[in-house]
Amino acid sequence: MDKLQGMDFWRETLKGARCVLAPMVDQSELAWRLLSRRHGAELCYTPMLHAQVFVRDANYRKENLYCEVSPEDRPLIVQFCANDPEVFVQAALLAQDYCDAIDLNLGCPQMIAKRGHYGAFLQDEWDLLQRMIQLAHQKLSVPITCKIRVFPEIEKTVTYAKLLEKAGCQLLTVHGRTKEQKGPLTGVASWEHIKAVRSAVNIPVFANGNIQYLSDLERCIQETGVHGVMSAEGNLHNPALFEGKSPCVWEMAEEYLELAQQYPCPLSFVRAHLFKLWHHTLQVYQELREELAKAKSLEGIIAVNKELKAKCQEEISNLKEGEVVSGDLPFPHWICQPYVRPPPKDALKEESGVRGKRALEEEEDGGAEQLSKNKQKKKLRNPNKCFDPSAKPKYAKCDQCGNPKGNKCVFHLCRSCCKKKAFRELADCAGHGLLFKTKYEKSLQCQSAQDPDVPETNLTESKLPPEIQA
């Protein structure tokens with residue numbers, strides 16, 4: 001039987017899914033997917049998996065997919081990051097029996113994606129992307145899908161989407177932000193870009209961005225005409241978003257923790273979920289933030305949730321009839337609701353063209369108020385720690401590769417380059433502890449002692465490598 005494609009794939013395999021849980025690194029694990037499905041999610045993605053690691057490491061496959069199997073967890077799309085067509089297809093072949101489609105991540109904007117050369121940092125390499133998708137479309141028994149970010153220009157974004165469709169992509173998720181829109185520069189996603197893509201292609205399109213309430217989902221579908229809407233951060237703050245409900249934070253936490261007991265995952269995943277879920281409440285009961293951070297087991301986290309529940313219920317019982325909780329939030333802090341990012345501030349300094357945060361980091365190490373929260377924490381743990389880049393030791397570079405050279409290397413090279421040179425030239429480098437010449441001479445002496453009839457000069461010449469004899 002031929003695999004379903006395009007609209008048939010969306011209607012039959014994905015059952016016309018409109019409410020979609022996004023792929024999130026370390027956050028869309030099985031327990032959270034099942035929680036989201038209970039509360040309205042019709043389609044889920046796995047966390048982003050590294051194709052190369054998935055191919056070479058059986059334990060990685062087992063921990064991230066093979067053990068995370070539940071009949072309730074379908075339809076499911078497995079997402080990979082990759083930059084090599086063969087590696088991507090090998091990983092997809094190992095995963096295709098456990099899912100309904102394979103997704104290629106072309107949307108991750110983080111620095112780790114830039115260093116690894118994947119995600120949104122492949123969006124200008126159209127020839128490579130064509131080859132990756134074409135090969136996957138030919139080889140896999142399940143459809144290939146893509147998640148992308150937009151270009152600043154609508155026209156270029158549309159051309160990009162058409163290219164992916166032509167290569168064999170059967171469903172396209174469009175995050176309406178550019179790869180530069182992240183962190184403090186996140187801003188608002190462009191539904192105009194998404195609408196233009198939806199009008200230009202003949203495959204199903206999902207929208208991603210600006211989804212905080214169920215009403216946003218309905219409005220997005222109306223304005224853009226997309227087939228489904230994906231939520232990431234909105235879902236993390238309110239797993240019942242797709243139901244249009246806003247339950248108490250401890251109720252969602254209790255339900256999630258029960259699933260985490262049934263389908264274990266690293267404690268760091270659980271802790272990260274609760275920091276999001278309890279975000280507003282932890283601004284009020286800040287002592288619980290420390291308790292959650294220090295909890296060493298799932299039972300410890302369950303105890304923190306009980307404490308949070310007790311504090312909130314006491315606060316509720318103390319409210320007078322008709323009294324409204326003061327604050328800037330639309331609901332009391334104990335109700336699941338989105339975290340609204342502050343709008344991007346002056347991202348670029350007019351004079352220097354440098355991001356404000358970076359400019360602070362590049363100044364001399366001053367008071368704690370100049371440092372980021374993470375650096376302030378490090379400063380508390382180690383008061384003598386210095387963040388001034390100019391105070392960092394300067395390393396001399398290897399003459400060949402540019403890595404730091406060994407301080408005592410006789411060739412002025414790093415260890416790797418020194419080892420190659422010393423082996424090639426049969427030389428010693430005391431600085432790196434490489435004794436090729438010394439060991440070779442000792443071996444000759446041993447052979448000479450065992451066979452005294454052979455002159456030492458002849459023995460030396462016969463044993464030397466050709467380039468050394470020359």
For this session: Would you check which residues across the stretch 81-123 are of a type in the set (S, T, N, Q), modelled with pLDDT of 95 or more and outside any strand (DSSP E or B) and list them?
Result: Asn83, Gln90, Gln96, Gln123
Exercise. Any chance the stretch 361-378 includes a residue that's at pLDDT below 90, open to solvent by 90 Å² or more (accessible area, probe 1.4 Å) and not in a helix (DSSP H, G or I)?
Worked result: yes
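Okay, residues lined up against (1) in contact with a His (Cβ under 6 Å, 6 or more places away or on another chain); (2) of a type in the set (Ser, Thr, Tyr); (3) surrounded by 13 or more Cβ atoms within 10 Å (Cβ to Cβ):
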| position | (1), (2), (3) |
| --- | --- |
| Phe269 | no, no, yes |
| Ala272 | no, no, yes |
| Tyr285 | no, yes, yes |
| Leu292 | no, no, yes |
| Ile301 | no, no, yes |
| Val304 | no, no, yes |
| Glu314 | no, no, no |
| Leu319 | no, no, no |
| Val324 | no, no, no |
Seminar exercise, completed: Considering the stretch 179-221, residues that are open to solvent by 60 Å² or more (accessible area, probe 1.4 Å) and among the hydroxyl-bearing types (Ser, Thr, Tyr), and then whichever is nearest to the chain's Cα centre (by Cα), we arrive at Tyr213
Problem set entry | Which listed residue, of Ala470, Ala430, is farther than 30 Å from Gly183 by Cβ, open to solvent by 50 Å² or more (accessible area, probe 1.4 Å), at pLDDT below 85 and more than 31 Å from the chain's Cα centre (by Cα) | Ala470
Problem set entry | Boolean, Leu236 is touching a strand residue (DSSP E or B) at 6+ places or on another chain (Cβ under 6 Å) and closer than 22 Å to Asp103 by Cα | no
For this session: Could you look through the stretch 41-62, keep only residues that are surrounded by 15 or more Cβ atoms within 10 Å (Cβ to Cβ) and small (Gly, Ala, Ser), and pick out the one that is farthest from the chain's Cα centre (by Cα)?
Result: Ala41
Exercise. What number goes with the only condition from (1) at pLDDT 50 or above; (2) surrounded by 13 or more Cβ atoms within 10 Å (Cβ to Cβ) that Asp328 does not pass?
Worked result: (2)
Problem set entry | The listed residue being of a type in the set (Asp, Glu) and in a helix (DSSP H, G or I), out of Asp8, Asp26 | Asp8
For this session: Tell me, yes or no, whether the stretch 124-143 has at least one residue that is hydrophobic (A, V, I, L, M, F, W, C), modelled with pLDDT under 95 and either over 19 Å from Ala207 (Cα atoms) or open to solvent by 10 Å² or more (accessible area, probe 1.4 Å) (or both).
Result: no
Seminar exercise, completed: Conditions (1) β-branched (Val, Ile, Thr); (2) within 20 Å of the chain's Cα centre (by Cα); (3) open to solvent by 20 Å² or more (accessible area, probe 1.4 Å) -> Thr159 fails only (2)
For this session: List every residue pair whose Cβ atoms lie under 6 Å apart, where the two residues are 6 or more positions apart in sequence or sit on different chains, the first residue falls within the stretch 174-191 and is more than 15 Å from Gly107 (Cα to Cα), and the second residue, located anywhere, is buried (at least 19 other Cβ atoms within 10 Å of the Cβ) and of a type outside the set (S, T, N, Q).
Result: Trp191/Gly176
Exercise. Looking at the stretch 182-197, is at least one residue of a type in the set (Lys, Arg) and at pLDDT below 95?
Worked result: yes
Seminar exercise, completed: Within the stretch 394-420, the count of residues that are part of a helix (DSSP H, G or I) and touching a residue at least 12 places away in the same chain (Cβ under 8 Å) comes to 5
Exercise. Can you spot a residue in the stretch 86-93 that is touching a residue at least 60 places away in the same chain (Cβ under 8 Å), surrounded by 20 or more Cβ atoms within 10 Å (Cβ to Cβ) and either more than 18 Å from Leu172 (Cβ to Cβ) or aliphatic (A, V, I, L, M) (or both)?
Worked result: no
Problem set entry | Contacts under 8 angstrom Cβ, first residue in the stretch 26-41 being within 17 Å of His237 (Cβ to Cβ) and in contact (Cβ under 8 Å) with a residue 40 or more places away in the chain, partner open to solvent by 10 Å² or more (accessible area, probe 1.4 Å) and of a type in the set (Lys, Arg), 6 or more apart | His39/Lys245
Problem set entry | Hey, Glu290 within 23 Å of His39 (Cα to Cα) and charged (D, E, K, R) or not | no
Exercise. How many residues does the stretch 63-76 hold that are over 24 Å from Lys15 (Cα atoms) and either under 19 Å from the mean Cα position of the chain (by Cα) or of a type in the set (Val, Ile, Thr) (or both)?
Worked result: 2
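The values are calculated or read from the model by the stated rules, or taken from the named source; none is laboratory data. This one's a predicted model, so the numbers in the text were calculated from it and none came from an experiment. Virtual Cβ from ideal backbone geometry, glycine too; neighbours counted across all protein chains shown. For accessibility, only protein heavy atoms count, side chains too; no ligands or nucleic acids. Shrake-Rupley method; radii C 1.70, N 1.55, O 1.52, S 1.80 Å.
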